[in-house]
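Working notes for the structure below.
The values are calculated or read from the model by the stated rules, or taken from the named source; none is laboratory data. Owing to the predicted nature of the structure, the values given are computational and were not obtained by experimental measurement. Neighbour counts are summed over all protein chains in view; Cβ atoms, including those assigned to glycine, are modelled from backbone coordinates with ideal geometry. Accessible surface is based on the protein model in full, side chains and every heavy atom, while ligands, DNA and RNA are left aside. Shrake-Rupley method; radii C 1.70, N 1.55, O 1.52, S 1.80 Å.
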Amino acid sequence: MSDPRITSSIFTRGAVDLSALRTPAPSPTPAQAGPPAGAPGGAVGGGVTVIDVNEATFQSEVLERSLNTPVVVDFWAEWCEPCKQLSPVLERLAVEGGGAWVLAKIDVDANPRIAQMFRVQGIPMVYAVVGGQPIDAFSGVVPEAQLRQWIQAVLKAGGVTVAEPTDPRLDEADDALMSGDLDAAERAYRKILADSPTDAAAEAGLAQVGLARRVAGADPQAALAAAEANPDDVDAQLLAADIEVLSGLAEQAYRRLVGVVRRTAGDDREKVRQHLVGLFTIAGPEDPAVASARRALASALF
């Protein structure tokens with residue numbers, strides 16, 4: 001299964017012809033608090049966030065609604081076991097979104113013509129509809145972290161500006177790090193990265209775990225003095241840089257290690273380079289000091 005994301009595809013080129021479904025429709029009825037017969041997970045009341053859609057309500061609840069609010073269409077069936085895994089997560093995220101987007105649930109058995117129009121060949125199948133047209137889709141069950149990213153991309157495509165919800169797993173990992181439980185923090189960050197390998201916050205957190213382990217038990221003043229007295233001692237320079245980062249002197253740490261890269265070669269140089277890149281990960285790629293230090297590192301290497 002590919003990573004669900006907004007891409008240039010047959011959907012953006014208008015290959016899904018919904019004209020046959022553009023017929024006058026009566027006002028729809030939002031789903032009630034309890035699930036309809038056979039619905040996986042059920043719909044949620046308390047506002048239009050999750051709705052059951054059929055052919056009669058498709059135009060108003062999906063096409064017309066998507067002119068103002070992105071609509072995510074979930075094709076499901078009572079007999080579909082994977083649907084029972086995905087649909088509850090979609091419903092929860094829709095409620096969490098507070099109306100920024102709407103989840104439209106369509107039973108393929110009860111609405112075969114809609115499924116045919118969307119070329120649904122297997123379920124669960126999920127489409128994003130923006131501006132009256134499908135813009136992207138994915139099939140199968142995806143991890144929640146990837147699903148959140150996909151929904152954020154859908155909202156961006158629909159021109160919706162919303163605060164990205166905090167991943168509770170990240171909060172748990174950060175809490176473990178702050179409390180000093182480095183093993184628990186590492187497990188939590190690695191679990192996030194297993195689902196979302198490019199999660200910058202989890203990467204930064206894991207790098208902080210490594211930093212905390214490296215400086216554990218070190219005397220900051222003694223370590224800095226040792227580095228000053230032994231400029232060619234690679235390990236002393238690495239420890240001093242770690243302490244400087246923890247002391248809020250990241251730029252100084254970067255300059256220190258770039259200098260060591262200039263003075264070393266072979267395995268020592270590579271060891272320092274990797275260490276410096278790890279420190280960059282803690283700050284994140286958007287940090288101006290990181291951008292400047294990366295340029296200095298490239299100059300030192302080449």
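Positive contributions from Lys and Arg (+1) and negative ones from Asp and Glu (-1), summed over other residues with Cβ under 15 Å from the Cβ of residue 240, come out at -3. Toward the positive end of the charge dipole of the stretch 161-225, with +1 on the Cβ of Lys and Arg and -1 on the Cβ of Asp and Glu, the farthest Cα among 173, 194, 211 is that of 211. Kirkwood analysis of the Cα pair distances in the stretch 211-296 returns a hydrodynamic radius of 12.8 Å.
Looking at the stretch 69-168, the accessible area is 40 square angstrom per residue; that uses a 1.4 Å probe and ignores ligands, DNA and RNA.
For residue 92, project a label point 7 Å along Cα to C-beta. Then give me every residue of the stretch 164-196 with its amide nitrogen under 12 Å of that point. Counting only backbone N, you get 168-169. Taking amide H as placed 1.01 Å from N in the peptide plane, residue 136 has its amide H under 5 Å from the amide H of 128, each at least 5 places away in sequence or on another chain.
For the stretch 94-167, what Kirkwood radius comes out of the mean inverse Cα-Cα distance, in Å?
For the stretch 94-167, the Kirkwood estimate is 13.5 Å.
Rolling a 1.4 Å probe over the protein heavy atoms gives the stretch 253-298 an accessible area of 53 Å² per residue. At q = 0.19, 0.21 Å⁻¹ the log10 of I(q)/I(0) for the stretch 139-258 amounts to -1.00, -1.10, computed by Debye summation with a single uniform scatterer per C-alpha, solvent ignored. Remark: spin-label model distance residue 69-residue 215 equals 4.7 nm, labels positioned 7 Å along the Cα→Cβ axis.
In the stretch 168-254, carbon and sulfur make up what percent of the accessible area (probe 1.4 Å)? Of all accessible area on the stretch 168-254, carbon and sulfur atoms account for 52 percent.
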